Amino acid sequence: MAVPETVATALDDRAVAGKRCLEAGAGAGSATLGLLSEGAREVFAVTNDREHAETVRERVGGDGRVCTLEADLREVPLPDDTFEVVTAHALFNVVTTAELPAIADELTRVAAPGAQLVVDDYAPLPESAAMADLFALENAAGELATGRQPLTFYPASLLRSVFESHGWTFERRRTLLDPVPWTDSHVQTHADVAREAAASLDGDLGDALTAEADRLVETIGSESAGEMYSLAFRFDS
Ligand SMILES: C[S@@+](CC[C@H](N)C(=O)[O-])C[C@H]1O[C@@H](n2cnc3c(N)ncnc32)[C@H](O)[C@@H]1O
């Protein structure tokens, strides 16, 4: 299995070989795959989504160094001072501002002295990007349907200051993608999330949001816009 280039670039200047690692927000497990290929001693892959946990098990579960854990990163059942490498690859864009502080606390609590942290994410899109309209629609429909905004794009400077305020020393910033290629499959996936939320709303509002999702899929097709960045930190305290 190939390690995605973004993950490989984010890890290639980090010392991973022989280290105990945590992938925070395992999703498809791409960062776990990257950590394994860099020679990690073991990797705990944590997600709060059952289907994602299954995907990770199917993808890398055969490797005896991996433990996949279904848990909430705001209160993760792992001991203090444990992990020498922590990755959050594309985690924070699905974390709200209300959830962010507790996750930063927990990632810091489980980090061993001298640990490395890699935070990769998408910068806020320029207003001129059509994808920004689709993400805004997804957030509006999600918030109306569930009271929770599904997406938040944090500037690198904000995540940097969050972790610096938790005692992490900033080491470097890298660009992983510029621009980010949002494919027609990404567009469809995000439109589907908006449509699903819209379908749970009564009456004209749900219909109007669905129609807007359809219109944006037609208009956007695919688009290259925005940046994906990588921040690296060390925990010296
Ligand atoms: C976009 S995916 C990350 C991609 C992944 N790191 C990779 O490299 O393939 C985000 C993941 O974070 C998980 N997540 C979001 N909030 C979480 C929380 N509070 N606790 C645990 N997992 C969380 C989501 O369920 C999802 O599995």
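The values are calculated or read from the model by the stated rules, or taken from the named source; none is laboratory data. Keep in mind that what you see is a predicted model, and the values were worked out from it rather than measured. Please note: Cβ atoms are built from the backbone with ideal geometry, for glycine as well, and neighbour counts cover all protein chains shown.
Points to keep in mind about this one:
- Among the residues examined, S128 qualifies as within 27 Å of H186 (Cβ to Cβ) and hydroxyl-bearing (S, T, Y).
- Of residues in the range 64-75 being more than 10 Å from the ligand (Cβ to nearest atom) and not basic (K, R), the one surrounded by the fewest Cβ atoms within 10 Å (Cβ to Cβ): G64
- Between A211, A225, the distinction of being of a type in the set (A, V, I, L, M), under 14 Å from D133 (Cα atoms) and either in the same structural domain as F92 (by TED's automatic domain parsing) or in contact with a Pro (Cβ under 9 Å, 6 or more places away or on another chain) (or both) belongs to A225 only.
- Matching entry among A90, A15 (being touching a residue at least 60 places away in the same chain (Cβ under 8 Å), more than 30 Å from N139 (Cα to Cα) and not hydroxyl-bearing (S, T, Y)): A15
- In the set (1) at pLDDT 95 or above; (2) within 15 Å of the ligand (Cβ to nearest atom); (3) of a type in the set (G, A, S), the condition left unmet by G61 is number (1).
- Subset of the range 12-23 that is surrounded by fewer than 16 Cβ atoms within 10 Å (Cβ to Cβ) and of a type in the set (D, E, K, R) - its residue that is nearest to the ligand (Cβ to nearest atom): D12
- Considering the conditions (1) assigned to a loop (DSSP other than H, G, I, E, B); (2) in contact (Cβ under 8 Å) with a residue 40 or more places away in the chain; (3) within 11 Å of the ligand (Cβ to nearest atom); (4) surrounded by fewer than 23 Cβ atoms within 10 Å (Cβ to Cβ), A26 is excluded by exactly one of them, (4).
- Among the criteria (1) assigned to a helix (DSSP H, G or I); (2) under 30 Å from G147 (Cβ atoms), the one T9 does not fulfil is (2).
- Among the residues making up the range 187-235, those that are under 14 Å from P150 (Cβ atoms) and either of a type in the set (S, T, Y) or touching an Asp or Glu at 6+ places or on another chain (Cβ under 9 Å) (or both) are T189, H190, A191, V193, A194, R195, A197, A198, S200, A213.
- Test: residue in the range 194-211 that is assigned to a strand (DSSP E or B) and surrounded by 12 or more Cβ atoms within 10 Å (Cβ to Cβ): no
- Residues within the range 39-49 that are out of contact with any Cys (no Cβ under 8 Å at 6 or more places or on another chain) and within 9 Å of the ligand (Cβ to nearest atom), tallied: 4
- Here T9 meets each of (1) surrounded by fewer than 24 Cβ atoms within 10 Å (Cβ to Cβ); (2) under 18 Å from T68 (Cα atoms) with one exception, condition (2).
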